[in-house]
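The values are calculated or read from the model by the stated rules, or taken from the named source; none is laboratory data. Computed from a prediction, not measured in an experiment: that's the story for all the values here. Note: ideal-geometry Cβ built from the backbone for every residue, glycine included; neighbour counts use all protein chains shown. Please note that ligands, DNA and RNA were not included when accessible areas were found on the heavy atoms of the full protein model with its side chains. Shrake-Rupley method; radii C 1.70, N 1.55, O 1.52, S 1.80 Å.
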Amino acid sequence: MTKELLSGNDAVAEGVRLARAEVVAAYPITPQTTIVERLAEMVARHELAAEYIPVESEHSAMAASIGASLTGARAFTATSSQGLALMHEMLHWASGQRVPVVMANVNRALAPPWNIWVDHSDSMAQRDTGWIQLYAETNEEALASVLQAYRVAEDPEVLLPAMVMLDAFVLSHTYMPVDVPSQAAVDSFLPRYQPVARVEPGSMQLFGSFSPPDLTFMEFRRDTALAMDRARQKLLQAGKDYARLVGGEPLGLIDEYRTEDAEIVLLALGSLAAAARDTVDEFRRNGQKVGLARLRSFRPFPEEEIRSLGRKAHSVVVVERAHSFGSGGPVATEVRSALLGLPSPPAVASYIAGLGGREVTPKHLGALVERATKKETPREAWVGVKELVA
Amino acid sequence: MVEHVKPIQPTWCPGCGDFGVMAAVKKGLLELKIPSEDLVLVGGIGCSGGIHNFMDGYGFHALHGRLLPTAIGVKLANPRLTVLAIGGDGDGYAIGMGHFVHSLKKNASIVYVVMNNETYGLTKGQASPTSLVGFEGNVEPPIDAVLTALSVAGSGFIARGFSGSPKEATNLITQALRYTQERNGFAFVEILSPCVTYNDTYDLWRSKVQDVGKLPGYDKSDRGKAFATCLEVMQQGKIPIGEIYMPPPEKRFRSLDASLIPDPTKGPATLDISVSANAEKYAKMLANLE
Ligand SMILES: Cc1ncc(C[n+]2csc(CCOP(=O)(O)OP(=O)(O)O)c2C)c(N)n1
Ligand code: SF4
Ligand SMILES: [Mg+2]
């Protein structure tokens, strides 16, 4: 283990190097580009024994990754925002074909209007594509999540693609001290990928063929659903094994901070959680029972963990960087649904904040907690929106 | 989303070739007296694609590589507008290559300007589809968009200019605009536009450009010969520029041929796909296949 000063993008690239990825296919897009540039350099310097494929669009990046993975190679790609949106049909293909491709997505707003700053709408819109989704809070976690993502994705009882999210600029381009594990430690945690089926000379198989209503279509889908359910346990196990074999604290599906006796729980994703920790500390100093639950895994969704939080708290304050038009905050909606049926479920406040990189500070979050102390828990409210003048 | 804004100062690096391209576009529009309020600029994504922010007229910032279908939609719905689609080589020949070829085939009356700097400028200088072998580790021979355009049977006006030769570039843009007005077809103008920050090619290109119009006997109305000449020029290590192709006046495009327009009184074509009712026919078809 060595301590290095790395940007989030550097940390992801280090994770990919340590994972010994064999194929990297990518198309540049801000703020992701430096991930694959660093990987291209590693390939050129023979630090990473991989094929680097510069493709003509993200759609092709995912298609090439799927093709590579079908042969049994460990494949990686990275993208952001519009690139992820363009990949959408390929994302379904990856999970439907059960290829354990791992991708980093630097969370950035979708156009129009054009905006390159942090926003979670890009990955939230891929909710139903059958990809595992992990959101990192720090650069070190981004590195660890890449390795854990491969381990779970390639598990024969899972075999699903996984994306690791990191916030545009706040993580991607901000330098933090990162514990970079040794290759030997990573190798013990993440052995070579052993595919159950692969494209290779000497055998013949069909991939992605036609399946009419009365054949196997629904069965394939149900298998994917069951695999995603199994991924919950596998992610927990991977978190524990990583802590034991590689280092750090075990990462779970949610990450709780001072929630033991919390009456109000702030719930956030990604780097917002770092600000939320300061908010929690501030309230705790005044003796108020406030805690933080950071949602690390959005897919699979940690229903049980949310329910156990809900048994203790009177309010859950969800703050998220995405919105589902005509419904509300996508995370808040799922939190509400997870809490249904509890004997006395907490009130869920839903705040939409920080879209397109609009700043969210511990002070903003404090004001939202303050409202919860007065039992004000809006069904949906937008934080820091200017009134447009006609 | 609509915003009413005045054009802003270009955000391009000082010395960027895109300044010359914008000057040529502005002069061409002035020359033909096209009023700003009848002008629609559809920008691609890249340094080049920001051009509509720096000019008067309707501005539409398309998705990366998707400017052409957008521009064609505008023009076909309101033919009174002058529509220009303007983007980069990455935008047009990488992610948007499918649209490029199909727009040539479709032949809608718009002008498409590509600022080719042989790199992805906005994402900081990676190899693009037009990058030479060796640039930023590129190992793939480049695409030549003029040859690509010449290979499409429906192609209209095809030209290539150099931002370092502003008078000639302006002339090509003017010709392209005039072509869309008079011939009602698609005009494609690639302008070599050096990226001084990541791929400064001013001197190199100045030494390599060859105006094909100045070659003895060049006939811009002969697609096959234009292709052969461009290829020959390239094989000599030069870059063909100038008015490369202008379809002969008698060239009729399919959409203008009345005999090809379906008779609206006949209703849509139908296909009988009932297998049992046609078993005999299918059996015969299958037998014939063997
Ligand atoms: C779907 C998608 N993928 C990637 C990008 C990122 N991107 C923005 S501009 C660009 C390349 C621009 O190159 P070019 O078209 O040659 O324009 P230039 O900046 O050189 O003028 C890329 C890859 C994007 N905006 N959308
Ligand atoms: S980066 Fe290159 S293409 Fe972009 S504005 Fe600067 S000089 Fe022009
Ligand atoms: Mg370019």
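From the alpha carbon centroid of region A:296-352 to that of region B:180-205 is 53 Å.
Among residues other than A:Leu355 with Cβ under 9 Å from its Cβ, the summed charge is +1 (Lys and Arg +1, Asp and Glu -1).
The residue list B:Gly44, B:Pro141, A:Met103 was ranked by how far each Cα lies along the charge dipole of the protein assembly as shown toward its positive end, using unit charges on Cβ atoms, and B:Gly44 comes out on top.
Ligands, DNA and RNA excluded, the heavy atoms of B:Cys13 present near 60 Å² of accessible surface to a 1.4 Å solvent probe. Here's the picture: charge each Lys and Arg Cβ at +1 and each Asp and Glu Cβ at -1 in chain B, and of B:His64, B:Ser221, B:Thr265 the one pushed furthest to the positive end of that dipole is B:Thr265. Whose amide H sits under 5 Å from the amide H of B:Asn116, counting only residues 5 or more places off or on another chain, with H placed in the peptide plane? Under 5 Å from the amide H of B:Asn116 lie the amide H atoms of B:Ile191, B:Leu192, B:Ser193, each far enough along the sequence or on another chain.
In terms of the Cα gyration tensor, with a ≥ b ≥ c the square roots of its eigenvalues, is chain A rounded because a/c is under 1.5, prolate because a/b exceeds b/c, or oblate? Since a/c reaches 1.5 and a/b is larger than b/c, the shape of chain A is classed as prolate. Shape of region A:320-377 from the C-alpha gyration tensor: oblate (a/c of 1.5 or more and a/b not above b/c, with a ≥ b ≥ c the square roots of its eigenvalues). Annotation: per residue accessible area for chain A equals 42 Å², rounded to a whole number [probe 1.4 Å, protein chains only]. Of the accessible area of region A:254-382, computed with a 1.4 Å probe over protein heavy atoms only, carbon and sulfur atoms account for 48 percent.
Rolling a 1.4 Å probe over the protein heavy atoms leaves A:Trp131 with an accessible area of roughly 0 Å². Placing unit charges on each Cβ (+1 for Lys and Arg, -1 for Asp and Glu) gives the protein assembly as shown a dipole about its Cα centre, and among A:Gly130, B:Asn171, A:Gln288 the Cα reaching farthest toward its positive end belongs to B:Asn171.
Given only helices, namely DSSP H runs of n ≥ 4 each adding -39500 (n - 2.57), what is the per-residue ellipticity at 222 nm of chain A, to the nearest 500 deg cm²/dmol? Please report the intermediate quantities before stating the final value.
Details: 12 runs with 151 residues, N = 390.
The helix contribution divided over chain A gives -12000 deg cm²/dmol.
Rolling a 1.4 Å probe across all protein chains gives B:His99 an accessible area of roughly 50 Å².
Taking amide H as placed 1.01 Å from N in the peptide plane, A:Trp382 has its amide H under 5 Å from the amide H of A:Ile352, each at least 5 places away in sequence or on another chain. Restricting attention to region B:24-170, close to 5% of DSSP beta bridges with both partner residues there are antiparallel.
Evaluated with a Cβ-only charge set (Lys, Arg +1; Asp, Glu -1), region A:254-382 carries a dipole of roughly 160 debye about its Cα centre, given to the nearest 20. What you get for the protein assembly as shown, charging only the Cβ of Lys and Arg (+1) and of Asp and Glu (-1), is a dipole of about 1020 debye around the Cα centre.
Charged neighbours of B:Tyr58, selected by a Cβ distance under 11 Å, balance to -3 (K, R count +1; D, E count -1). Largest accessible area first, the listed residues A:His92, A:His323 line up as A:His92, A:His323 when surface is computed with a 1.4 Å probe on the assembled protein chains.
Less than 5 angstrom separates the built amide H of A:Ala168 from those of A:Asn107, A:Val118, A:Asp119, all sequence-distant by 5 or more or on a different chain. Here the Karplus relation 6.51 cos²θ - 1.76 cosθ + 1.60, evaluated at θ = phi - 60°, turns the backbone of region A:148-158 into coupling constants of 5, 4, 4, 4, 6, 4, 8, 4, x, 8, 10 Hz, with x for every Gly and Pro.
In chain B, the longest principal axis of the Cα atoms and the axis of helix B:18-31 are about 70 degrees apart.
Where the only charges are on Cβ atoms (+1 Lys, Arg; -1 Asp, Glu), what is the dipole of chain A about its Cα centre, to the nearest 20 debye? Display every interim value, and only then the final one.
Values: 39 positive and 48 negative charges, 158 e Å.
Roughly 760 debye, rounded to the nearest 20.
Using only the Cα atoms of region A:254-382, build the gyration tensor, take square roots of its eigenvalues as a ≥ b ≥ c, and label the shape rounded, prolate or oblate: rounded if a/c is under 1.5, else prolate if a/b is larger than b/c, else oblate. Write out the running numbers ahead of the final one.
Working: a/c = 1.35, a/b = 1.02, b/c = 1.32.
Rounded, because the longest to shortest axis ratio a/c is under 1.5.
Taking one quarter of the surface of the C-alpha convex hull of region A:1-106 gives a mean projected area of 6.4 nm². Run the count for chain A, please: Lys pairs, Cα-Cα under 19 angstrom, 8 or more apart or on different chains. Lysine pairs satisfying the spacing and distance rule in chain A number 9.
Could you tell me what percent of the DSSP beta bridges with both partners in region A:254-382 are antiparallel, to the nearest 5? Present the calculation step by step, with values, prior to reporting the outcome.
Values: 5 of 22 bridges.
The antiparallel fraction comes to roughly 25 percent.
Rounded to the nearest 500, the 222 nm mean residue ellipticity of chain B from helices alone is -9500 deg cm²/dmol, with -39,500 (n - 2.57) taken per DSSP H run of at least 4 residues.
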